[in-house]
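Here the structure is laid out as structure tokens; the discussion comes afterwards.
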Number of protein chains: 2
Amino acid sequence: METEILNIEQAELSPELLRKIHAYWRAANYISVGQLYMHHNPLLKEPLKLEHVKNMLLGHWGTTPGQNFIYTHLNRIITQYDLNMIYVSGPGHGGPAVVAGTYLEGTYTEVYPDITQDEEGLRKLFTRFSYPGGISSHASPQTPGSIHEGGELGYSLSHSFGAVLDNPDLIIACVVGDGEAETGPLATAWHSNKFLNPLTDGTVLPILHLNGYKISNPTVLARITHEELEQLFRGYGWNPIFVEGEDPEQMHKDMAMALDYAVDRIKQIKYDAEQPNSLRPRWPMIVLRSPKGWTGPKEVDGHKIEGNFRAHQIPLAVSASTPPEHLQMLEDWMKSYRPEELFDEDGKLVPELAELAPKGDRRMGANPHTNGGNLLRDLRLPDFRDYATVVESPGVNGEGDTYVSGRFLRDVIKANQEKRNFRIFGPDETVSNKLDAVFEVTNRQWGAPVIPYDEFLAADGSVMEMLSEHQCEGWLEGYLLTGRHGLFNCYEAFIHIVDSMFNQHAKWLKTTLELPWRRRIASLNILLTSTVWRQDHNGFTHQDPGFLDHVVNKKANIVRVYLPPDANCLLSVMDHCLRSYHYVNVIVAGKHPAPQWLNMEQAVEHCTRGIGIWNFASNDQETEPDVVMACSGDVPTLETLAAASILREHMPELKIRVVNVVDLFKLQKSTEHAHGLSDKDYNALFTTDKPVVFAFHGYPWLVHRLTYNRANNVNMHVRGYKEEGTITTSFDMTVLNEMDRFHLVMDVIDRLPQTGSKGVYLKQQLTDKLTQHKQYIKANGKDMPEILNWKWKQ
Amino acid sequence: METEILNIEQAELSPELLRKIHAYWRAANYISVGQLYMHHNPLLKEPLKLEHVKNMLLGHWGTTPGQNFIYTHLNRIITQYDLNMIYVSGPGHGGPAVVAGTYLEGTYTEVYPDITQDEEGLRKLFTRFSYPGGISSHASPQTPGSIHEGGELGYSLSHSFGAVLDNPDLIIACVVGDGEAETGPLATAWHSNKFLNPLTDGTVLPILHLNGYKISNPTVLARITHEELEQLFRGYGWNPIFVEGEDPEQMHKDMAMALDYAVDRIKQIKYDAEQPNSLRPRWPMIVLRSPKGWTGPKEVDGHKIEGNFRAHQIPLAVSASTPPEHLQMLEDWMKSYRPEELFDEDGKLVPELAELAPKGDRRMGANPHTNGGNLLRDLRLPDFRDYATVVESPGVNGEGDTYVSGRFLRDVIKANQEKRNFRIFGPDETVSNKLDAVFEVTNRQWGAPVIPYDEFLAADGSVMEMLSEHQCEGWLEGYLLTGRHGLFNCYEAFIHIVDSMFNQHAKWLKTTLELPWRRRIASLNILLTSTVWRQDHNGFTHQDPGFLDHVVNKKANIVRVYLPPDANCLLSVMDHCLRSYHYVNVIVAGKHPAPQWLNMEQAVEHCTRGIGIWNFASNDQETEPDVVMACSGDVPTLETLAAASILREHMPELKIRVVNVVDLFKLQKSTEHAHGLSDKDYNALFTTDKPVVFAFHGYPWLVHRLTYNRANNVNMHVRGYKEEGTITTSFDMTVLNEMDRFHLVMDVIDRLPQTGSKGVYLKQQLTDKLTQHKQYIKANGKDMPEILNWKWKQ
């Protein structure tokens, strides 16, 4: 422990309080073991028989007693110091502990009135745990007080830091498992302390729980020297307080002192932060080293259990096929907690223990921050129409679509600065992604030193940037889960880094929708730019539009995908997404100056529909078209319009319909996605029998996947990125992937025999053009003038 | 620096050597700037004119001079100590440096004879850099000596550690960027030092390059105190040696001393490791703090450049539209390196500098480990048929498919133990994934202390386990890239954690196939188990079969997907994958005891075809079927066979064909994937007009995406995982997703009007069964006996 002087008077627990805390912990442990094993006879009023035990024993014991220990002690400091504190359970499977903790404090019963605080309630609680259709062995959305699901490991600290942003009063006790601590996302999340503002943000109190083992291996952090461990966390910028041992009495005393000290440090840091020229604080954290499966069976069938990896799941098998003494061992184990002292005759926690829990919203299972939708307020949004690009006629050059929306986002930040409920996250790409306008009104929040020539860095700012997509995503999720709004901007290819985090968040959203007591939260908005087609100097490694393929697999009522073709459409989509709830909205947009197609009025109409015929580019008015040219995404739209103009020039007799898709799910049937078109509406756009040549932003198969069961599927021909790329111009990228204007025209001709020799001749011309292009770009390092200077002509 | 005594005599560079090293660095910097800017006049023999400069200036300067500095100094120690060393360039965009380094040492010209070591060669080299169709601004596969592409950040250390495994003589100088160091994967990769065996593995010498800035932000590690930085790396278990400054002369001296010291420590550690009871070593690392854009322009247009984030890309814009003095500044900058002293009249590096480079294979660009295919030898594989499960008739119960293949893998390890060229990687799941048999012959390699009751841990072992999918994947990639073989076993849902790493590796494989001088390497084999259908106690968070959707987007000649339905098929597939080259093979298999269908002979035949009719389950022999029941994956196969047996019992007159798919790409057209079936063969299996009810392991849409352009597409009805799940039995999971036997039967009936009232009646019966199932599982926590005890009957 550090040498700073303890300012807190009370330095050791009174024997009375120690006894009660120990009893409360025993109650939590009892309820945890009950969840793992018991189907009947929850209070062991009768001698334990096999038929009282569940048929299938599933669940996890290892981390549970340690987390019960922590939860119990946190209850004490919450009450003692009137803390606004919530609990994040990082280790994989601490479900029994958080369920026990919230049950004992009463919140579980408030949320699930059927799970009463009596013998029958206990029996039901025990039975539903890890039971088909029941509750999980980790802190799932079903658990009151949880903002973090422990299924996939690594995000507990990032979630916690995101949650305390702009919540200056909030303290998150974030239990980090030593297994989880080996993951990459967690290993870098310790650095989040450089991004916190002690004046305007809350506090994360990490509790690294060294119980020594994962599923069947020791953990790295439990097997390095004490010196290394301390250096590591001091190097990460923390002030580690060690609580180590296994004797409960001594551990209670040490833990209490450690927490008193931590609270004292936190208060001191908060106080210091108000003084001028304060330095980046060294926040306290706790390292709790306790045996895995603490207080459980010491040895079973000759195997060491407590303090070993074998305590990870069910430490003691009990069934008709296990040795008969196992049943007795289970009974002894449960009785070792002396339930008769903990629960009254009805099965209710005795009053002297019940009073240890905090009251009302101070209970960690009832804290409003853990059901963020309760705190959610709409954003104040300026009228996005005020940021419109003037488009007098289609094809005028723009400033860069994200660049234009940057001005809108700037004013979103400004309008909500007082409420402090909107933030932008990104891995050092907000400027590169052309959202720099936001820095006219805010900064990147940065707690480390600022030196001359730095730009847009300050202790307080609405933009969070760290070169870790995991951190950006995790922070934003934590921010949203606690009832605020935000946007993650990212290079398109590298959003795959958080594929699995998106999965888990989408699952969280889906599950919470099914829980009436969980309120909806703001949507997770992901703006993807620096796209596959515009990697002029980054090349092949930066080309991957496949996040969309990943997203569409998640539940249809959660996911939304938008590909606005120009700046006005992006504004309209952005506004829509910032107003929405409980979705993951993925927006793909360009950042480079590019042609603009729709004025604001048209853009609003087009985006509201999500898909539509572009009449200015079509010549099939009031007839059936010969061909439908569809497009989705900015570069595909440009190439499609260029192709349409070539066709209309050379074959004016052809009836061409241009369809643009902003809302990707319009392609899917209305029976599969709420945004999907009915077959009637779909067929009205795409016809039932005419060829469709579709230029798509992403992998072409995604369009097939969405439209495989549409009437005109057999005539659908999709061009998109087929994993061909290098350092080159945007136009050359389309050529490499055969999505350029010339290939599109040839695709149309190939599908229209009526073009006859005229078609053959035009194809020959375009083939020559492609050869010219190759030669020109090789010699000049840029595109031919006719490409560079091409303009849409009405 | 540490207090250990330097054993190396030479403690400071001689003035002569210092002068030469500085000149070599200047040459590398000159060639780097040339790559960024020059199209003509590469040696500045004429006064610089605008037409000598490239039209589009793209590329990255910031990290380049620092990496040139490192590369130059490494050359010195390689020569001095005859080191077997290679270079990994971690920072995003050090392309100009590695190109310059390998060009100066002669390897670039050996690989690309067109890029001669003269003026014309220089001109061509400069021109191709960051030019359409040219070479990237990072250490891409095109760069000799590279085993690591710098496009997506975070994997340099993991790759390096994987590469030194079983290469005791090899040292990898791994330059880690301070931006990259913020990523999660990199932050945990520092812990790899606990997994290295100093006797049997080589050495990673990390060089943390603190140049202070990312694209437009400072870096975290550059802005913490020196004390914290040192603590952090000591805490990670390293011995950091600091080289900090900007004065070239002093920096040369300090870097030379630091490297001498590092080599000495490495030799000492290697020596100590041979002594009994040696402790885990504290390997040296170097922290190099030097200005971003070192030696480049100090200031441009009033902006600070050197030592600031503005040095990241092109630090000085030079074009017709920039101020005219910029051209002069560029000329001054390039001339500041005094090219006339470095290159002779022909443009060749002067001999006194050229001799500084190591010779032959000791050159970092020529080291055989960097073109691993050169070193690759086939594995010795036991006959997989010897591990067959006896299947006297279809439906016998198995031991768990991965469990059976564990015995095969055990003997693969044994057979190659002497060669040390095969390893298994996994995030603490090798036992959980039922591959425990491998621990009969090997251990998990673990360099931290081993204590009583640990299992299968040793200083030397063929299994690498750390709770970081990133590390497992990165280690394995490094191992493969240097010419060895391996397997990554992972829970299916969490393989998404490495989606983006898979992307980059698949891109590497695709690109290297196109480079004749790059030799093919062993396939990246990924075994996915603990699948979506068998998450009985983990539930919804552990359910995601979407990695397959992700994989199929990559280039068809790189990716392979297998879903063996039983143990014998898995053995056959595993053997095939371990023999293959240059693919990513994804194998999805079950780990729980489950029915077995094919004996070994049948399995080999079935897997060789990859898809086929299962005659034992079909009754359409010598006729057209009424319905095709297709399946892919172990659980879908079980449900399909159960459905077929219900149909055959109740409607023996129906002609049912059961088709099983092992090799997923068989579904795609032969024009799209080498494994794809021709339309003729596909139609022979699936018919052109009969209903197909397909039970698929993954998301159902993947089958539609693969078959959208097949004749019978309109009749294809696919069941699979549609994101419905919880803690429950495998059978109940299929019910939740309507892929269970009862739903499959109803799907068939719905598509066969000829079943008439018999069909209606059977549907009613099955609907009742589903209700019974729901009630039974709720009451008993397990499946109905008729499900549990169901057996296939001929």
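The values are calculated or read from the model by the stated rules, or taken from the named source; none is laboratory data. Please read these numbers as outputs of a predicted model, since none were measured by experiment. Positions of Cβ are backbone-derived with ideal geometry, glycine not excepted, and every protein chain shown enters the neighbour counts.
Descriptive notes on the structure:
- Among the numbered conditions (1) at the interface with another protein chain (Cβ under 10 Å from one of its Cβ atoms); (2) touching a Pro at 6+ places or on another chain (Cβ under 8 Å), the only one that B:Phe195 does not meet is (2).
- Scanning the stretch A:504-531 for residues that are farther than 17 Å from A:Pro545 by Cα and within 14 Å of chain B (Cβ to nearest Cβ) turns up A:Gln504, A:His505, A:Ala506, A:Lys507, A:Trp508, A:Leu509, A:Lys510, A:Thr511, A:Thr512, A:Leu513, A:Glu514, A:Leu515.
- Residue in the stretch B:239-246 that is within 29 Å of A:Phe425 (Cα to Cα), within 14 Å of another protein chain (Cβ to nearest Cβ) and either crowded, with 22+ Cβ neighbours inside 10 Å or touching a strand residue (DSSP E or B) at 6+ places or on another chain (Cβ under 6 Å) (or both) present: no
- Boolean, B:Leu316 is crowded, with 20+ Cβ neighbours inside 10 Å, more than 21 Å from B:Pro206 (Cα to Cα), without any contact (Cβ under 8 Å) to a residue 40 or more places away in the chain and among the aliphatic types (A, V, I, L, M): yes
- Residue check for A:Val635: touching a helix residue (DSSP H, G or I) at 6+ places or on another chain (Cβ under 9 Å) and part of a strand (DSSP E or B): no
- Among the residues here, B:Gly133 qualifies as on the phi > 0 side of the Ramachandran plot, modelled with pLDDT under 95 and surrounded by fewer than 22 Cβ atoms within 10 Å (Cβ to Cβ).
- Candidate set: the stretch A:485-503, residues that are among the polar types (S, T, N, Q) and within 11 Å of chain B (Cβ to nearest Cβ); chosen: the one surrounded by the most Cβ atoms within 10 Å (Cβ to Cβ): A:Ser500
- Residue match in the stretch A:157-164 (condition: of a type in the set (A, V, I, L, M, F, W, C), touching an Asp or Glu at 6+ places or on another chain (Cβ under 7 Å), modelled with pLDDT of 95 or more and within 30 Å of A:Glu469 (Cα to Cα)): yes
- Residues in the stretch A:667-685 that are part of a helix (DSSP H, G or I) and within 13 Å of chain B (Cβ to nearest Cβ): A:Leu667 alone.
- Checking the stated criteria, B:Ser572 turns out not to satisfy the condition of being of a type in the set (Gly, Ala, Ser), within 14 Å of chain A (Cβ to nearest Cβ), outside any strand (DSSP E or B) and crowded, with 23+ Cβ neighbours inside 10 Å.
- Spans of helices (runs of 4 or more DSSP H) in the stretch B:22-141 with at least 3 residues within 12 Å of chain A (Cβ to nearest Cβ): B:119-128
- For the stretch A:534-560, a residue qualifies if it is within 14 Å of A:Leu702 (Cα to Cα), of a type in the set (Val, Ile, Thr) and either away from every other protein chain (no Cβ under 14 Å) or in a helix (DSSP H, G or I) (or both), and exactly one does: A:Val551.
- Any chance A:Asp428 is out of contact with any Ser or Thr (no Cβ under 9 Å at 6 or more places or on another chain), within 11 Å of chain B (Cβ to nearest Cβ), over 27 Å from A:Arg377 (Cβ atoms) and in a loop (DSSP other than H, G, I, E, B): no
- Hey, A:Gln596 touching a residue at least 12 places away in the same chain (Cβ under 8 Å) and within 14 Å of chain B (Cβ to nearest Cβ) or not: no
Rundown of residues vs (1) crowded, with 24+ Cβ neighbours inside 10 Å; (2) closer than 30 Å to B:Gly725 by Cβ, yes/no style:
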residue: B:Leu509; (1), (2): yes, no
residue: B:Ile521; (1), (2): yes, no
residue: B:His537; (1), (2): no, yes
residue: B:Lys555; (1), (2): no, no
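- Selection count, the stretch A:297-312, where residues are within 11 Å of chain B (Cβ to nearest Cβ), farther than 13 Å from A:Glu246 by Cβ and acidic (Asp, Glu): 1
- Qualifying residue in the stretch A:391-401 (condition: assigned to a loop (DSSP other than H, G, I, E, B) and of a type in the set (Asp, Glu)): yes
- B:Gly478 being within 13 Å of another protein chain (Cβ to nearest Cβ) and under 18 Å from B:Asn167 (Cβ atoms): no
- Yes/no for A:Val450 being farther than 19 Å from A:Leu165 by Cα, of a type in the set (Val, Ile, Thr) and outside the structural domain of A:Pro198 (by TED's automatic domain parsing): yes
- Checking the stated criteria, B:Leu186 turns out not to satisfy the condition of being more than 7 Å from chain A (Cβ to nearest Cβ), more than 24 Å from A:His226 (Cα to Cα) and not in a loop (DSSP other than H, G, I, E, B).
- Hits in the stretch B:402-425 (condition: under 25 Å from B:Ser192 (Cβ atoms) and assigned to a helix (DSSP H, G or I)): B:Leu409, B:Val412, B:Ile413
- Among the residues making up the stretch A:744-756, those that are of a type outside the set (A, V, I, L, M) and in contact (Cβ under 8 Å) with a residue 60 or more places away in the chain are A:Arg751, A:Gln754, A:Thr755.
- First in the stretch A:237-253 and small (Gly, Ala, Ser), second anywhere and assigned to a helix (DSSP H, G or I), Cβ under 9 Å, 6 or more apart: A:Gly237/A:Trp190; A:Gly237/A:His191; A:Gly237/A:Asn193; A:Gly237/A:Lys194; A:Gly237/B:Glu228; A:Gly237/B:Leu232; A:Gly245/A:Met251; A:Gly245/A:Asp254
- Hits in the stretch B:319-353 - residues which are hydrophobic (A, V, I, L, M, F, W, C) and within 39 Å of the chain's Cα centre (by Cα): B:Met334, B:Leu349, B:Leu353
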